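Trainee: Pasting a structure here, questions to come.
The values are calculated or read from the model by the stated rules, or taken from the named source; none is laboratory data. All of these numbers come straight from a predicted model, not from anything done at the bench. Note that we place each Cβ from the backbone using ideal geometry, even for glycine, and neighbour counts take in every protein chain shown.
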Amino acid sequence: MDDDLRYWLGFNLVRGIGPVRLRALIAAFGDVRSAWSASESDLLKLRINRRAVTNLLRARREEDLDQLLRRLDQEKVQALTWDSSDYPPLLAQIPDAPPLIFVRGALKPADEWAVAVVGTRKVSPYGREVVRRLVPELARAGLTVVSGLARGIDGMAHSIALAEGGRTIAVLGSGVDTIYPPEHRKLAEAIIENGAVISDYPMGAQPEAANFPPRNRIISGLSLGTVIVEAGLPSGALITADFALEQGRDVFAVPGSILNAASAGSNRLIRDGAHVVTEVSDILEVLQLEQVPEKQAARMTLPSSPTEAALFQHLTSEPRHLDELAREADLAVAIVSSTLVMMELKGMVRQVGGLQYVRVYEHGEPYLTGTLPAT
C-alpha cells in the first residue's frame with residue numbers, strides 16, 4: 001500500500017481542507033506528506049483559514065493514521081487518491097474532484113462509459129415505467145449506470161442494471177461501510193459484486209442531510225451525461241443536473257405531465273435546454289455511444305503504440321485538423337488517419353467534423369500509463 005496514503009486519509013478527516021486548499025498545500029510543500037507535517041507558522045503563512053489549521057493540528061495529534069490504513073484492509077476497501085493511476089479519469093476532470101475516494105467493489109475501464117440516472121424518491125407509476133424502459137437498454141448498450149442508492153428512482157436504476165447483467169456504481173452520502181437507506185443493504189452488496197459502492201466521506205461517516213448535495217457532484221462527475229427521470233422543485237436530482245452543467249457534461253430529462261409536481265423539475269430542465277429523452281437512442285446519439293461494446297473490445301484487443309502516444313500528446317479539448325496533427329507529430333497523413341480511426345474506436349479521441357479531432361480525456365490518461373511498447 002502507498003506509504004503516502006496515510007496522509008491522504010488524515011487530510012480526509014480535517015474539516016475545512018477540501019480540494020482547493022489541499023491543492024494549495026501540496027503545491028506549497030511539494031507533496032502530501034510534507035503538507036501534513038508542515039509547521040503551524042508555515043501553514044498560516046499560506047493564509048489558510050485559522051480554523052482549518054487548528055483542525056489539521058488537532059487531527060495530527062489525535063488521529064492514528066496506521067489504524068486508518070488497517071481499517072481499510074480489514075473492511076476490504078480500496079482508497080484512491082489524485083495520485084492513483086486508477087483514479088476514475090472522468091471524475092479527475094471535474095474542477096472539485098475529491099482528493100480521496102473509498103471504493104468497495106471494483107472500478108473498471110468499462111466504467112469510463114457511464115451515464116447517471118437519477119430522480120425523485122417518491123417515484124410515480126409513470127416514472128417507474130420510464131426507468132424500466134430506459135435502464136435495461138442502457139445496460140445492454142454496455143453503459144455503466146451511476147446513481148445514488150436512494151429510495152425511488154436511484155434504487156430502481158441500480159436494481160434493473162444488475163438484473164440486465166450490467167455494471168452499476170452507487171455514490172453514497174456516508175462512509176462506504178454505512179449503507180443508507182438501510183433497506184438497500186442487500187442491493188449494495190449486489191452492486192459491490194457487479195460494480196462499486198464509492199464515497200469521498202471517511203469510513204464510519206453517517207448519512208447526514210448536508211452530505212448529500214456535495215456527493216451529487218461525484219455522480220455527475222463519474223458520468224458522460226446525467227438523465228433526470230422525475231424531479232420536483234426543488235430536488236436532489238436537479239442539484240445533480242446543475243453539477244453536470246458546471247462540469248461541462250450533458251443533461252437529459254424525461255418529459256412529464258404538466259399536472260404532476262414530480263415532473264416540474266424535469267420539465268423546467270427541458271425548457272432551459274436539457275436534451276429531451278423519449279427513448280435510449282436520444283442519449284446514445286448525443287453522447288456518441290452507439291458503439292460502446294465495440295470500443296470496449298477495441299481497447300482490450302488493440303495495443304497502444306508510440307504513434308498513438310505521439311498523436312495523443314498533440315490533442316486537446318480544442319479541435320485539431322488531421323493535417324495539422326500530421327505536421328506537428330512529423331508523421332505521414334495516411335498513418336495519422338488510420339491511427340486516429342483506431343483511437344476513436346478505443347474512445348481515446350472523438351471526431352467533431354471536417355477531419356477535426358479532440359481528445360476524450362484531460363487527466364489520468366490510462367492509455368499512456370504502462371501500456372506502451374518499448375521504443
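Trainee: Of the residues N216, N211, only one is among the polar types (S, T, N, Q) and crowded, with 23+ Cβ neighbours inside 10 Å; which?
Mentor: The match here is N216.
Trainee: Out of R15, R6, which single residue is assigned to a loop (DSSP other than H, G, I, E, B) and touching a residue at least 40 places away in the same chain (Cβ under 8 Å)?
Mentor: Criteria check complete, one pass: R15.
Trainee: Quick test of your reading of the structure: W82 fulfils all but one of (1) in contact (Cβ under 8 Å) with a residue 60 or more places away in the chain; (2) touching a Pro at 6+ places or on another chain (Cβ under 9 Å). Name the failing condition by number.
Mentor: Result: W82 fails condition (1) only.
Trainee: So, in segment 51-72, exactly how many residues are part of a loop (DSSP other than H, G, I, E, B) and surrounded by fewer than 14 Cβ atoms within 10 Å (Cβ to Cβ)?
Mentor: Number satisfying all stated conditions: 1.
Trainee: If you don't mind, there's one more thing I want to ask. Can you tell me which residue in segment 76-124 is modelled with the highest pLDDT, limited to those that are over 22 Å from R23 (Cα atoms) and charged (D, E, K, R)?
Mentor: The qualifying residue modelled with the highest pLDDT is R104.
Trainee: So which residues in segment 21-50 are assigned to a helix (DSSP H, G or I) and hydrophobic (A, V, I, L, M, F, W, C), if there are any at all?
Mentor: Those that are assigned to a helix (DSSP H, G or I) and hydrophobic (A, V, I, L, M, F, W, C): L22, A24, L25, I26, A27, A28, F29, V32, A35, W36, L43, L44.
Trainee: Moving to a separate point now. Take G364 and decide whether it is over 27 Å from the mean Cα position of the chain (by Cα) and either part of a loop (DSSP other than H, G, I, E, B) or modelled with pLDDT under 85 (or both).
Mentor: Against the criterion (over 27 Å from the mean Cα position of the chain (by Cα) and either part of a loop (DSSP other than H, G, I, E, B) or modelled with pLDDT under 85 (or both)), G364 does not qualify.
Trainee: Search segment 79-110 for residues being polar (S, T, N, Q) and surrounded by fewer than 19 Cβ atoms within 10 Å (Cβ to Cβ), and hand back the single one that is nearest to L25 (Cα to Cα).
Mentor: Among residues in segment 79-110 that are polar (S, T, N, Q) and surrounded by fewer than 19 Cβ atoms within 10 Å (Cβ to Cβ), the one nearest to L25 (Cα to Cα) is S84.
Trainee: Can you pull out every residue in segment 347-359 that is of a type outside the set (F, W, Y) and more than 13 Å from A309 (Cα to Cα)?
Mentor: Passing the criteria: G347, R350, Q351, V352, G353, G354, L355, Q356, V358.
Trainee: Taking the criterion of being touching a residue at least 40 places away in the same chain (Cβ under 8 Å), touching a Lys or Arg at 6+ places or on another chain (Cβ under 7 Å) and not in a strand (DSSP E or B), would at least one residue in segment 223-235 satisfy it?
Mentor: yes
Trainee: If I go through segment 336-352 residue by residue, how many of them are in contact (Cβ under 8 Å) with a residue 24 or more places away in the chain and in contact with a helix residue (DSSP H, G or I) (Cβ under 9 Å, 6 or more places away or on another chain)?
Mentor: Here the count works out to 11.
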